[in-house]
1. Looking at (1) assigned to a helix (DSSP H, G or I); (2) more than 19 Å from residue 33 (Cα to Cα), find the lone condition where residue 97 falls short.
2. Being of a type outside the set (S, T, N, Q) and in the same structural domain as residue 182 (by TED's automatic domain parsing): is that true of residue 35 here?
3. Does at least one position in the range 61-71 carry a residue that is buried (at least 18 other Cβ atoms within 10 Å of the Cβ), farther than 14 Å from residue 27 by Cα and hydrophobic (A, V, I, L, M, F, W, C)?
4. Considering (1) of a type in the set (Ser, Thr, Tyr); (2) more than 18 Å from the chain's Cα centre (by Cα); (3) in the same structural domain as residue 188 (by TED's automatic domain parsing), say which one residue 46 fails and leave the rest.
5. Can you name the condition, by its number, that residue 110 falls short on among (1) touching a residue at least 24 places away in the same chain (Cβ under 8 Å); (2) surrounded by fewer than 18 Cβ atoms within 10 Å (Cβ to Cβ)?
6. Name the one entry in 171, 182 that is of a type in the set (Gly, Ala, Ser), over 21 Å from residue 83 (Cβ atoms), in contact with a helix residue (DSSP H, G or I) (Cβ under 8 Å, 6 or more places away or on another chain) and modelled with pLDDT of 95 or more.
Amino acid sequence: MKSPVKPAEPPKKKRARATTAAHDEKRHEIIAACASLFDRVGYHGTSMQMLADEVGLGKPTLYHYFASKGDILYEMHQLHIDAMIGGLQGDAQHGDAQPVELLESACASTLREIALHPGYVRAFMDHYAELEDKQRAEMRHRRREYFTRITNIIRDGIAKGHFREMDPELATLTFVGMCNWAYKWYPRMADEVPPEKMAKSMCQILLDGFNKR
């Protein structure tokens, strides 16, 4: 009697390289320093040697953390969109929040990132086209996810009678444009007007309109 043939074992998946907390912290330090340098001299005017000098590392050591300045740019995009989508996901857990409150919170999240990480936000707004094809495709998908979540808040507000009938996608474009453009002017005001207060004022103007009642 032949012994049963053992089924072939599935191929083992390659394990992702483990990272330590210290390694991740150093990556964040590098990203923050590079964001500042991108702000000062521009993304295209920055070399890996300049980035290494900025963070006080040898260029070979910098390559240990990031393969290229494009990878650093990509991480800046990821950190910013993580914060944006994460804020919406957190707000969604509060089922009793009204659409106006959700929009104010989303606006405040954007302003908070602008205040705390102006270099990340500027890279996100100004250098999307410099991402590599696969990175740009992923970021396009994540931006669309954020846009859809905002659109759903507005659709819900219309359905519940909080907002008038309107094109929800056009409303989303208007809202997101208002929030994002603040990266041009809000940093110099952030110390005087906190994100929550500024978001409430901005959303009031948008939602109430200019017309006198």
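1. Among (1) assigned to a helix (DSSP H, G or I); (2) more than 19 Å from residue 33 (Cα to Cα), the lone unmet condition for residue 97 is (1).
2. No, not satisfied.
3. no
4. Answer for residue 46: the failing condition is (3).
5. Of everything listed in (1) touching a residue at least 24 places away in the same chain (Cβ under 8 Å); (2) surrounded by fewer than 18 Cβ atoms within 10 Å (Cβ to Cβ), residue 110 misses just condition (2).
6. 171
The values are calculated or read from the model by the stated rules, or taken from the named source; none is laboratory data. Note that the structure is predicted; figures quoted are calculated from it, not measured. Ideal geometry is used to build each Cβ from the backbone, glycine not excepted, and the neighbour counts take in all protein chains shown.
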